[in-house]
Amino acid sequence: MREINLDIIIEYIPLYIQAAGLTLRLGMGGILLALIVGFLSSLSQYYKTPLINGVFKAYTEVSRNTPMLIQLFFIYYGLPKLGIKVSPEVCAIFGLGFLGGGYFSEAFRGGLDSVSKSQIDAGKSIGLTRFQIMKYVIFPQALAVSIPNIGANIIFLLKETSIFSVIAIADLTHLAKDLIGIYYNTNEALFLLVVSYLIILLPLAIITTFLERKLRYAGYGV
């Protein structure tokens, strides 16, 4: 096997930095959308809102039990057949948001369900409104319990960005495939791909582990 050529790696680094920036921008956009959708879904299921609750339950099952590749293909190739055209970047953000919303919904719902009924009753007894009970009693505790799952899902979704290459987005995976196909520098291209994802994901994994330990010491979670 040919050894890795350091000169080629140095030459490719600026390309990977640019591709990593695009990957992060799309990934963060999709994750932000997923957090919003997931939180709204968890609230609907927590309060058992009529009709909307059923819609969000169905959405959660579909998003969690279908591959992201199929979801991206539907948005990118299927929606234009219905007259709805979206750019690859918008498709990537919506695809990641659709997938992640289902996972974040379950993470938030687990946190909401962890708050004991006695604390909610105590809030009612001192005259807090439903909104105030959510804001001051339920949400802070639910968020603390949910943070480990939220962190794990963020890492999972960032790894899923590697699929974006199938809809012609010049992300990290797309760049690596192009360099291999054009110049046959497989070792260097794959080495930089692995290193790029490690640089993105490893700090997040460390932060998630740190927060989980802090929360356990503080008495949240199991």
- Message: Which pairs turn up if I take residues in the range 42-64 that are modelled with pLDDT under 90 and open to solvent by less than 40 Å² (accessible area, probe 1.4 Å) and look for partners that are among the basic types (Lys, Arg) and assigned to a helix (DSSP H, G or I) with beta carbon separation below 7 Å, at least 6 apart in sequence or on another chain?
- Response: Gln45/Lys57; Gln45/Arg109
- Query: Of all residues in the range 30-41, how many are open to solvent by 40 Å² or more (accessible area, probe 1.4 Å) and farther than 11 Å from Tyr103 by Cα?
  - Reply: 4
- Would it be correct to say that Pro14 is more than 21 Å from Pro88 (Cβ to Cβ), part of a helix (DSSP H, G or I) and either of a type outside the set (Ser, Thr, Tyr) or in contact (Cβ under 8 Å) with a residue 40 or more places away in the chain (or both)? yes
- Scope the range 22-54; condition more than 18 Å from Phe94 (Cα to Cα) and part of a helix (DSSP H, G or I); matching residues: Ser42, Leu43, Ser44, Gln45, Tyr46, Tyr47, Ile52, Asn53, Gly54
- Among the residues of the range 131-154, is there at least one that is of a type outside the set (A, V, I, L, M), open to solvent by 60 Å² or more (accessible area, probe 1.4 Å) and under 16 Å from the mean Cα position of the chain (by Cα)? yes
- Message: If I filter the range 168-198 down to residues being surrounded by fewer than 20 Cβ atoms within 10 Å (Cβ to Cβ) and within 27 Å of Arg64 (Cα to Cα), which single residue comes out as nearest to the chain's Cα centre (by Cα)?
- Response: Tyr197
- Item | Single residue of Ile180, Ile163, Ile155 found to be more than 18 Å from Leu26 (Cα to Cα) and of a type in the set (A, V, I, L, M) | Ile180
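Residue by residue, here is whether (1) under 24 Å from Leu35 (Cβ atoms); (2) modelled with pLDDT of 90 or more holds:
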residue	(1), (2)
Gln141	yes, no
Ile155	yes, yes
His174	no, yes
Val195	no, yes
Leu211	yes, no
Leu215	yes, no
- Message: Please verify whether Ile75 is of a type in the set (Val, Ile, Thr), assigned to a helix (DSSP H, G or I), in contact (Cβ under 8 Å) with a residue 12 or more places away in the chain and on the phi < 0 side of the Ramachandran plot, treating the condition exactly as stated.
- Response: yes
- Task: Report yes if some residue within the range 61-71 is within 17 Å of Thr161 (Cα to Cα) and not in a helix (DSSP H, G or I); otherwise report no.
- Result: yes
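If a residue must be hydroxyl-bearing (Ser, Thr, Tyr) and over 9 Å from Ser105 (Cβ atoms), how many such residues does the range 45-81 contain?
Adding up the residues that qualify gives 6.
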- Note on the structure: So, first residue over 26 Å from Asn5 (Cβ atoms) in the range 190-207, second residue among the hydroxyl-bearing types (Ser, Thr, Tyr) and part of a helix (DSSP H, G or I), Cβ within less than 8 Å, six or more apart or across chains; the pairs are none
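The values are calculated or read from the model by the stated rules, or taken from the named source; none is laboratory data. Treat the numbers as computed from the prediction; the structure is a model and nothing was measured. Positions of Cβ are generated from backbone atoms using ideal geometry, with glycine treated the same way; all protein chains shown enter the neighbour counts. With ligands, DNA and RNA removed, areas are computed over all heavy atoms of the protein, side chains included. Shrake-Rupley method; radii C 1.70, N 1.55, O 1.52, S 1.80 Å.
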